[in-house]
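Trainee: Structure incoming, see below.
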Amino acid sequence: MRFIKRLPSFEYHTPGTLPEALDLLIRYGKRAGVLAGGTDLLLAMKRRETVPEHLVNIKGLTSLKGITRDRLGQIAIGALVTLEEIGSSELIKEKLPGLWDAANTMASPQIRSLATIGGNVCSAMPSADAVPPLIASGASVRIAGAKGEREVPLEAFFKGPGESVLRGEEILTRILLPEPGEKTGGCYLKLMRRHAMDLAQIGVAVCLRLDSAGLICREARVALGAVAETPIRASRAEKVLLNKEADPETAKEAGRAASAEANPRSSIRASKEYRKAMIEVLTKRAVLGAFERARGKYGEQPG
Ligand SMILES: Cc1cc2nc3c(=O)[nH]c(=O)nc-3n(C[C@H](O)[C@H](O)[C@H](O)COP(=O)(O)OP(=O)(O)OC[C@H]3O[C@@H](n4cnc5c(N)ncnc54)[C@H](O)[C@@H]3O)c2cc1C
């Protein structure tokens, strides 16, 4: 049992622009930490898992806010967009339904109004709910640092629990997603020990595109959370789906493939065997949900 203490003392900075924020991170180096919604960071500080002497609050950086769509249809989600904004966005519901599902299963309304999508990604937790649907949708992240900007595919961002390719003096600014084509649908399903306010025992995200008749699966991406040190793609399940009929038998086969390739560990949340059994069930249901949505039926999450 880790005791929650008072926050340690720190110097607080409120930059008004991205260059100012980057300057502070470079000046204070390892002694600085980035603060967004604080729903992960402040608890970690109270547990003394991290003790930054300088907190750089980025919530005033307007360039990191908002959900936009460019002329090519690419969607950009600012790192400071809150989970509440994602869960109530009509654009996200229509174009990225798996991410919309995830945002609406996370934490509580109070936490969702503070917590940012950038914070969920940067915390790099294997159970982070926003990550599998973003990976399944082909997301990349834009990162700003002293030497300019770089773009990293989200699947290459994570190195281990709590570890990513983000350097201490860098800030994640945006999440970029390609235009989802016609007859594309997505779904995210999360297994929890209770129905709310719990982290995922497993999370399954599926994003697929059907042919124009809505019968054959032409593209498929499946991503799993909380089953390995980092979120992973289920490539065998994707192969099963490709060019197959979009029917319950294909969904069942994809579930079996995802379960066979996943190698989860036993933890306080669930045993390895239970996780593997439930990956099969949830993948099958998420594939069926994505089929339905690709055909244009934007219902609630499938059971
Ligand atoms: C009660 C409770 C329930 C929760 N339930 C869930 C849940 O169901 N599912 C789930 O996935 N998570 C859950 N969380 C975890 C948390 O709310 C999310 O991970 C949240 O999205 C983190 O965002 P934040 O803005 O609060 O990040 P912060 O706490 O501000 O930051 C988290 C980390 O990311 C870094 N960081 C943040 N933004 C940036 C950026 N733009 N660039 C560089 N570094 C950055 C910070 O330095 C810090 O290391 C829960 C937390 C609580 C307290």
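Trainee: Rank TYR12, TYR28 by accessible area, highest first, at a 1.4 Å probe radius?
Mentor: TYR12, TYR28
Trainee: Here's something else I'd like to know. If you stretched the chain out fully between ARG31 and ARG236, how much longer would it get, using 0.36 nm times the residue separation minus the C-alpha to C-alpha distance?
Mentor: Going from the current span to full extension adds 69.5 nm.
Trainee: Between SER266 and ASP70, what FRET efficiency comes out of the Förster formula 1/(1 + (r/R0)^6) with R0 = 45 Å and r the beta carbon distance, rounded to 0.05?
Mentor: FRET efficiency, ASP70 to SER266: 0.50.
Trainee: Charges at C-beta only: +1 for Lys and Arg, -1 for Asp and Glu. How large is the resulting dipole of the chain about its Cα centre, in Debye rounded to 20?
Mentor: 740
Trainee: While we're on this one: Output the peptides 13-23, 236-246 sorted from most to least packed, where packing is the average of other Cβ atoms within 10 Å over each peptide's residues.
Mentor: Put in order of decreasing packing, that is 236-246, 13-23.
Trainee: Can you tell me the equivalent ellipsoid semi-axes for segment 180-303? Use √(5λ) from the Cα gyration tensor, largest first, whole Å.
Mentor: In descending order, the three semi-axes are 25, 15, 11 Å.
Trainee: Also, I was wondering about something else. Which of the chymotrypsin sites (Phe, Trp or Tyr not before Pro) across segment 262-299 are loop residues per DSSP, with 15 or fewer other Cβ within 10 Å?
Mentor: Answer in residue order: TYR298.
Trainee: Same structure again: With a 1.4 Å probe and all protein chains left in place, how much accessible area per residue does segment 101-190 have, in Å²?
Mentor: That works out to 37 Å² for each residue.
Trainee: Leaving ligands, DNA and RNA out of it, rank VAL204, VAL34 by accessible area with a 1.4 Å probe, largest first.
Mentor: Highest to lowest solvent-accessible surface, that is VAL34, VAL204.
Trainee: Over what distance in Å are the Cα centres of segment 1-60 and segment 140-192 separated?
Mentor: Each part's Cα centre sits 21 Å from the other's.
Trainee: Restricting to DSSP loop positions (anything but H, G, I, E, B) with no more than 16 other Cβ atoms inside 10 Å of their own Cβ, which trypsin sites (Lys or Arg not before Pro) remain in segment 170-220?
Mentor: Here the sparse-neighbourhood loop sites are ARG193, ARG194.
Trainee: While we're here: Bins of 10 Å, beginning at zero and ending with the bin holding the largest distance: percent of Cα pairs per bin for the chain, please.
Mentor: Percent of Cα pairs in each bin: 6, 28, 34, 21, 8, 1, 0.
Trainee: Suppose the chain between ALA44 and THR14 were pulled fully straight at 0.36 nm per residue; how much longer would it get relative to their current alpha carbon spacing?
Mentor: Gain on extension, ALA44 to THR14, equals 8.8 nm.
Trainee: Can you tell me the convex hull volume per residue for segment 226-274, based on C-alpha atoms, in Å³ to the nearest whole number?
Mentor: So the per-residue Cα hull volume is 78 Å³.
Trainee: Sum -39500 (n - 2.57) across every DSSP H segment of at least 4 residues in the chain, then divide by the residue count to get the 222 nm mean residue ellipticity, nearest 500.
Mentor: Only helices count here, giving -9500 deg cm²/dmol.
Trainee: Here is a follow-up. When all alpha-carbon pairs of segment 53-116 are counted, what percent fall beyond 15 Å?
Mentor: Summing the P(r) of segment 53-116 above 15 Å gives 54 percent of all pairs.
Trainee: Which residues does a label at GLU229 reach in segment 130-163, if reach means a backbone N under 11 Å from a point 7 Å past the Cα toward the Cβ?
Mentor: Only 159-163 fall inside the zone, counting backbone N under 11 Å.
Trainee: Could you check the spin-label model distance between VAL281 and GLU90? Points 7 Å from the Cα along Cα→Cβ, value in nm.
Mentor: 3.7
Trainee: Within segment 134-225, list the GluC sites (Glu not before Pro) lying in a DSSP loop whose Cβ has at most 11 other Cβ atoms in a 10 Å radius.
Mentor: Those that pass, being in a loop and sparsely packed, are GLU182.
Trainee: Here is a follow-up. Between VAL165 and ILE4, what is the spin-label point distance in nm, taking each point 7 Å from the Cα along the Cα→C-beta axis?
Mentor: With each label point 7 Å from Cα toward Cβ, the separation is 3.5 nm.
Trainee: Report, in degrees rounded to the nearest 10, the 0 to 90 angle that the Cα long axis of helix 18-28 makes with the longest principal axis of the chain.
Mentor: Computed tilt is about 60 degrees.
Trainee: Taking only C-alpha pairs under 8 Å that are 6+ residues apart, what is the relative contact order of the chain in percent?
Mentor: About 15 percent, as a whole number.
Trainee: With no solvent and one point per C-alpha, what does the Debye sum give as log10 I(q)/I(0) for segment 132-246 at q = 0.21 Å⁻¹?
Mentor: Treating every Cα as an identical point scatterer, log10 I(q)/I(0) equals -1.16.
Trainee: For a test of the definition: using alpha carbon positions, the gyration tensor, and the 1.5 limit on a/c, classify segment 1-88 as rounded, prolate or oblate.
Mentor: In terms of gyration-tensor shape, oblate.
The values are calculated or read from the model by the stated rules, or taken from the named source; none is laboratory data. In this text the structure is predicted, and so the values were computed from the model without any measurement. Glycine gets a Cβ as well: all are built from the backbone with ideal geometry, and neighbour counts include every protein chain shown. Calculation scope for accessible area: heavy atoms of the full protein, side chains included, ligands and nucleic acids excluded. Shrake-Rupley method; radii C 1.70, N 1.55, O 1.52, S 1.80 Å.
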